[in-house]
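Here's the structure, in structure tokens; my notes come after.
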Amino acid sequence: MGGKKAGGKGKMITVRPAPSNPARAFVSFGGITVPAAIGRSGRTAFKREGDGATPIAAMKLLYGFVRREHVGALPTALPLRRIEKDMLWCDAPEHAAYNRLVRAPFKPSHERMQRTDGLYDICLVLDWNITSRRRHRGSAIFFHLIRPGYQPTEGCIAISATAMRRLIRFMRPGMIVRVI
């Protein structure tokens, strides 16, 4: 990253596609580069709800969610909320709470934040279609933990727990995650 050391203010996290697989990428920050998984449909400049693609965009890190009972305390300046059983994320484009955290019971389409597979044990919210929301532009674009074998995501960016622990200590609210 231009020879700059990790931890400097205003740094950008860059997500570059892997040349051999459209659903794989490399995440780089402060001289650290780690393998990642991205959307099953690769990347797109025209993100739509349910397309399985990761948006090509510069997205701010907003805040995160954590399963402290699984990962413990994390040294980061990012605001982290403990994930509770009733936390859901609305992905119903026609609902007023589209691309927002909601609480169970909630009948419209949603994603459960407290997952059994551990993907959201550390889950960082990227500002994709949140501060300037438009229906059908995509929801729940997160930076989270990887599935075994670096399986593709539904449009998120995913890295190993080891890599996340290494990078999260340098992450700050407003830091840019740039998918190119």
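Over the Cα atoms of the chain, compute the convex hull volume and normalise it per residue, giving Å³.
Hull volume over Cα atoms, normalised by residue count, gives 108 Å³.
Would you calculate a helix-derived [θ] at 222 nm for the chain, using -39,500 (n - 2.57) for each DSSP H run of n ≥ 4 and dividing by the full residue count, to the nearest 500?
Numbers: 2 runs with 12 residues, N = 180.
After summing the helix terms and dividing by residue count, I get -1500 deg cm²/dmol.
Of the lysine pairs in the chain, how many meet both conditions: Cα atoms under 28 Å apart, and a spacing of 8 or more in sequence or different chains?
9
Round to the nearest 0.05 the FRET efficiency obtained for R82 and T131 when R0 = 30 Å and r is the Cβ-Cβ distance.
With a Förster radius of 30 Å, E is 0.80.
With an 8 Å cut-off on Cα pairs and a minimum separation of 6 or more residues, tell me the relative contact order of the chain in percent. Kindly include the intermediate steps, with their values, before the conclusion.
Numbers: 431 pairs, mean separation 54.4, N = 180.
Answer for the chain is 30 percent.
If you take every residue apart from A37 with its C-beta less than 14 Å away from the C-beta of A37, what net charge results, scoring Lys and Arg +1 and Asp and Glu -1?
+3
How would you rank H95, H144, going from fewest to most other Cβ atoms within 10 Å of each one's own Cβ? Don't skip to the end; give the middle numbers.
Details: H95 17, H144 24.
The fewest-first ordering by Cβ neighbours comes to H95, H144.
Run the numbers for R115 and F46: contour at 0.36 nm per residue of separation, minus the present Cα-Cα distance, in nm.
22.0 nm
What are the GluC sites (Glu not before Pro) within segment 37-111 that DSSP puts in a loop, where the Cβ has at most 15 other Cβ atoms within 10 Å?
Passing both the DSSP loop test and the Cβ count: E84, E94.
Dipole of segment 61-173 (Lys/Arg Cβ +1, Asp/Glu Cβ -1, origin at the Cα centre): which of M171, I130, A140 lies farthest to the positive side?
The listed residue farthest towards the positive side: M171.
Could you give the nm distance between label points at A73 and K60, where each point is 7 Å from its Cα heading toward the beta carbon?
In this crude spin-label approximation the distance works out to 2.8 nm.
Please report the equivalent ellipsoid semi-axes of segment 68-117, computed as sqrt(5 x eigenvalue) of the Cα gyration tensor, largest first, in whole Å.
Result for segment 68-117: semi-axes of 24, 13, 8 Å.
Any read-out appearing in this document is the output of simple, stated calculations on the displayed coordinates, not a laboratory observation. Here the structure is a predicted model, which means the values were calculated and not measured. Counting neighbours? That spans all protein chains shown, and the Cβs are built from the backbone with ideal geometry, glycine included.
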